[in-house]
1. Whether any residue in the range 129-140 is over 23 Å from residue 95 (Cα atoms) and either more than 16 Å from the ligand (Cβ to nearest atom) or exposed (fewer than 13 other Cβ atoms within 10 Å of the Cβ) (or both) is what I want to check.
2. In the range 6-38, what count of residues is obtained for those that are under 20 Å from the mean Cα position of the chain (by Cα), free of Cβ contacts under 8 Å to residues at least 24 places away in the same chain and over 21 Å from residue 186 (Cβ atoms)?
3. Would you call residue 146 under 20 Å from the mean Cα position of the chain (by Cα) and modelled with pLDDT under 95?
4. Inside the range 189-218, can you point out the residues that are surrounded by 15 or more Cβ atoms within 10 Å (Cβ to Cβ) and more than 22 Å from residue 8 (Cβ to Cβ)?
5. Got a sec? Which of 150, 177, 170 is more than 16 Å from the ligand (Cβ to nearest atom) and either buried (at least 16 other Cβ atoms within 10 Å of the Cβ) or closer than 24 Å to residue 68 by Cβ (or both)?
Ligand SMILES: *Cc1c(COP(=O)(O)O)cnc(C)c1O
């Protein structure tokens with residue numbers, strides 16, 4: 001009951017044209033079904049094995065988003081069904097996604113992950129690197145992969161000014177790039193703790209886990 005209620009509360013305050021991804025990592029089939037029965041159809045996972053296991057057991061009309069770091073050797077497991085890959089950070093990975101998209105005769109939508117947090121993180125591109133990928137002839141020639149937008153994660157901090165600054169920066173760069181790269185439509189930013197700020201800064205896709213399903217026990 002709580003899950004449906006949490007979902008409703010979040011949806012009540014969402015601007016139009018915002019996609020809410022229910023991040024179900026570590027959560028059970030039963031918990032996911034509770035969200036499904038409340039009408040939720042878009043779910044996100046950050047581990048390939050868990051994503052594949054859940055996809056097999058759950059209804060076919062769920063759109064599954066891979067929101068975590070993706071290793072090239074695991075693309076093949078999610079290529080048949082994944083609806084959006086959020087954390088692409090190299091041409092090599094795009095090449096692999098394109099290869100498996102071709103194998104399954106489908107186009108796979110992707111976002112480029114931009115590093116906006118101050119924390120040391122291994123993943124994510126800076127804007128210049130992202131632009132280089134968008135400009136690359138090799139990437140433009142890939143027929144089974146599309147780059148539809150950008151994704152970013154703010155620093156994990158209580159300092160709302162810093163979070164606002166990081167999301168604001170990404171939105172500004174998103175607007176600049178999407179003026180020349182018309183394929184860029186999605187700006188994925190905002191999690192349970194910071195999605196209000198992300199929306200205020202212009203996010204149109206939020207990834208919410210604990211505010212829907214409760215805290216995770218690893
Ligand atoms: C876990 C996760 C989320 C959701 O986190 P919550 O704080 O539980 O909302 C969002 N994005 C990514 C990439 C994640 O790994």
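1. Looking through the range 129-140, none of the residues is over 23 Å from residue 95 (Cα atoms) and either more than 16 Å from the ligand (Cβ to nearest atom) or exposed (fewer than 13 other Cβ atoms within 10 Å of the Cβ) (or both).
2. Adding up the residues that qualify gives 0.
3. Criteria not met by residue 146.
4. 189, 201, 202, listed by residue number.
5. On inspection, the qualifying residue turns out to be 177.
The values are calculated or read from the model by the stated rules, or taken from the named source; none is laboratory data. Every value quoted in this text rests on a predicted model; they were computed, and no experiment measured them. Positions of Cβ are backbone-derived with ideal geometry, glycine not excepted, and every protein chain shown enters the neighbour counts.
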